[in-house]
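Q: Before I ask anything, let me first share the structure, which is written out below as structure tokens.
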Amino acid sequence: MSNPSTDSLDQQARDILIGNDRGGYTVPNGRVYPFQWNWDSAFVALGFATFDPDRAWREVETLFAAQWPDGFLPHIVFWKEDAGYFPGPQVWASGRTPPTSGITQPPVAASVVRQLWEGADQVAFRPRLEALFPKLLAWHRWFHRFRDPQKKGVVVAMHPWETGRDNSAEWDAPASAVDVSQVGAYQRRDTSHLDQSMRPTKLDYDRYLALVQYGRATGWNHQTITDTNPFRVADVGMTMILLRANHDLLALAQALGRRVEAEEIQTWLDLAPAAGDYLWDERLNAYGSRDLITGQACGALTSASFLAFYGRVRHPVRDRAMLAHAERIAGRVGRMVPSLDPDDPRFEPMRYWRGPVWAVVNYLVGTGLADAGQADWAEKIRRDTGELIATTGFHEAYDPLTSAPSGGDDFSWTAAIWLHWARR
Ligand code: GLC
């Protein structure tokens, strides 16, 4: 597809990425999120790859420059001071240089690097893949060591922010056990940039901060956090994303001839059926997250539930049930995929991860459906994403009923997803 309006949207998208580039890393949005975010950067690399491959690799390399010695990859890297965001580096107190947060985010990086590699001049870029591969592997090992206590291939999130879907209804019940009585006074910054009605509530924020304080009090000791954190939730989104990333890491191991590492990665992939069983919610008749502490299913059907296709967890009966949900939901909204089932009483079409459509999640869901042979669904979701962007602009998220923008504008990962996927 190439017509004047696509060309001008392409140019806008490139301008957003270039404008949000802070020299080796890209901020998600200059005002609301003025640092480097983990999974945002991975998606941003896909956007840069369409016009500046060297810069694309650099985005990921800069992110991994902040990796901790145990393989952990932080969700925020505070390369430079900026007063526009709370909680900043002093609150996290990670004790690292550069300062970082103490929690991680969905591991999309290996899947992105595989795409960068397969589209690259492989002679020129091989040394860069050789350098990145052990870092990706160390991060995946960290997940399997610290975030899969049951050894079922299920990723346990220790903070709603780790899931990337901050205020999803899935976290309501598990987070209600978090004691917020000692949080103290603090000043949010997000609500001075954006309308409160689009953002998580005060109670959500109190819980986010209590969990940061808890992790900080352990000295960000990931083993202690794994064993004792007051919020431990098996996240369907991170689980499926890690499964997919392990497939892609395996392909990279094979490309580099790393046989021993390939065998190790294969053992993680062998856990896929156990992960799928654990995350299947019989009552919902859908995949969903589960509270590890109580054993209770979170009981919310979200856009992440559809990532089972992306994680290549295949099960004909469950796959059919998920497609029936897609059909029902598509009948309720103007554009797919809402972040919460519109038939859930907690659905709010403009409030962050409780309804709005996110281009990056659509990309993951669409990619998974295409792989599962559901080309029509994949194409519908891709088209919906492209139309949301073309008619409304490069926003953080969109109201699934009206297509109205929700959250920040000039958003890096939305621009990247346009260039990489939604524009075609
Ligand atoms: C919000 C989103 C998260 C994203 C970050 C920066 O916290 O929930 O997924 O990484 O903003 O865009």
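The values are calculated or read from the model by the stated rules, or taken from the named source; none is laboratory data. This structure is a prediction, so every number in the text was calculated from the model and none was measured. Counting neighbours? That spans all protein chains shown, and the Cβs are built from the backbone with ideal geometry, glycine included. Just the protein is used for accessible areas: all its heavy atoms, side chains included, with ligands, DNA and RNA removed. Shrake-Rupley method; radii C 1.70, N 1.55, O 1.52, S 1.80 Å.
Q: Scan segment 21-55 for residues that are part of a strand (DSSP E or B) and within 14 Å of the ligand (Cβ to nearest atom) and jot them down.
A: Once the filter is applied, which keeps residues that are part of a strand (DSSP E or B) and within 14 Å of the ligand (Cβ to nearest atom), segment 21-55 yields Thr26, Asn29, Tyr33, Gln36, Trp37.
Q: Looking at Gly299, Gly215, which is the one that is among the small types (Gly, Ala, Ser) and not in a helix (DSSP H, G or I)?
A: None of the others qualify; the one that does is Gly299.
Q: When the residues of segment 399-424 are filtered to those that are within 16 Å of the ligand (Cβ to nearest atom) and open to solvent by 20 Å² or more (accessible area, probe 1.4 Å), which remaining residue is nearest to Ala56 (Cα to Cα)?
A: So, considering only residues that are within 16 Å of the ligand (Cβ to nearest atom) and open to solvent by 20 Å² or more (accessible area, probe 1.4 Å), the one nearest to Ala56 (Cα to Cα) is Asp410.
Q: While we're here: (1) in contact with an Asp or Glu (Cβ under 6 Å, 6 or more places away or on another chain); (2) not in a helix (DSSP H, G or I): which one isn't true of Gly153, the others all being true?
A: Unmet condition: (1).
Q: Next up: Could you check Thr97 against (1) closer than 30 Å to Ala304 by Cα; (2) more than 15 Å from the ligand (Cβ to nearest atom); (3) of a type in the set (Ser, Thr, Tyr) and say which number it fails?
A: Looking at each condition in turn, Thr97 falls short on (1).
Q: Same structure again: Return the total of residues in segment 120-146 being over 21 Å from Leu73 (Cα atoms), open to solvent by 70 Å² or more (accessible area, probe 1.4 Å) and not aliphatic (A, V, I, L, M).
A: Number satisfying all stated conditions: 4.
Q: Got a number for residues in segment 116-129 being under 30 Å from Ala275 (Cα atoms) and either in contact (Cβ under 8 Å) with a residue 40 or more places away in the chain or not in a helix (DSSP H, G or I) (or both)?
A: 3
Q: Let me ask something additional. Hey, can you tell me all the residues within segment 362-384 that are open to solvent by 10 Å² or more (accessible area, probe 1.4 Å) and within 16 Å of the ligand (Cβ to nearest atom)?
A: If the condition is that a residue be open to solvent by 10 Å² or more (accessible area, probe 1.4 Å) and within 16 Å of the ligand (Cβ to nearest atom), then Tyr363 is the only one that fits.
Q: Restricting to segment 328-351, give me the number of residues that are touching a strand residue (DSSP E or B) at 6+ places or on another chain (Cβ under 7 Å) and within 16 Å of the ligand (Cβ to nearest atom).
A: Matching residues across segment 328-351 total 5.
Q: Residue check, Asp235 against (1) touching an Asp or Glu at 6+ places or on another chain (Cβ under 9 Å); (2) open to solvent by 50 Å² or more (accessible area, probe 1.4 Å); (3) charged (D, E, K, R), all met but one. Which one?
A: Condition (2) is where Asp235 drops out.
Q: Between Ala157, Ala124, Ala169, which is away from the ligand (no atom under 16 Å from the Cβ), at pLDDT 95 or above and aliphatic (A, V, I, L, M)?
A: None of the others qualify; the one that does is Ala124.
Q: Testing Arg318 on (1) open to solvent by 10 Å² or more (accessible area, probe 1.4 Å); (2) in contact with a strand residue (DSSP E or B) (Cβ under 9 Å, 6 or more places away or on another chain); (3) under 23 Å from Leu243 (Cβ atoms); (4) assigned to a loop (DSSP other than H, G, I, E, B), one condition comes back false. Which one is that?
A: (4)
Q: Is it true that Gly88 is away from the ligand (no atom under 13 Å from the Cβ) and either on the phi > 0 side of the Ramachandran plot or touching a Cys at 6+ places or on another chain (Cβ under 6 Å) (or both)?
A: Answer is no for this residue.
Q: Among the residues of segment 175-201, write down those that are closer than 26 Å to Thr228 by Cα, in contact with a helix residue (DSSP H, G or I) (Cβ under 9 Å, 6 or more places away or on another chain) and not acidic (Asp, Glu).
A: Ala175, Ser176, Val178, Val180, Ser181, Gln182, Val183, Gly184, Tyr186, Pro200
Q: Of a type outside the set (Val, Ile, Thr) and either open to solvent by 10 Å² or more (accessible area, probe 1.4 Å) or touching a Lys or Arg at 6+ places or on another chain (Cβ under 6 Å) (or both), is that true of Phe64?
A: Considered against the rule, which asks whether it is of a type outside the set (Val, Ile, Thr) and either open to solvent by 10 Å² or more (accessible area, probe 1.4 Å) or touching a Lys or Arg at 6+ places or on another chain (Cβ under 6 Å) (or both), Phe64 comes out as yes.
Q: Going by the conditions given, is Ala304 in a helix (DSSP H, G or I), of a type outside the set (Asp, Glu) and touching a Phe, Trp or Tyr at 6+ places or on another chain (Cβ under 7 Å)?
A: Criteria not met by Ala304.
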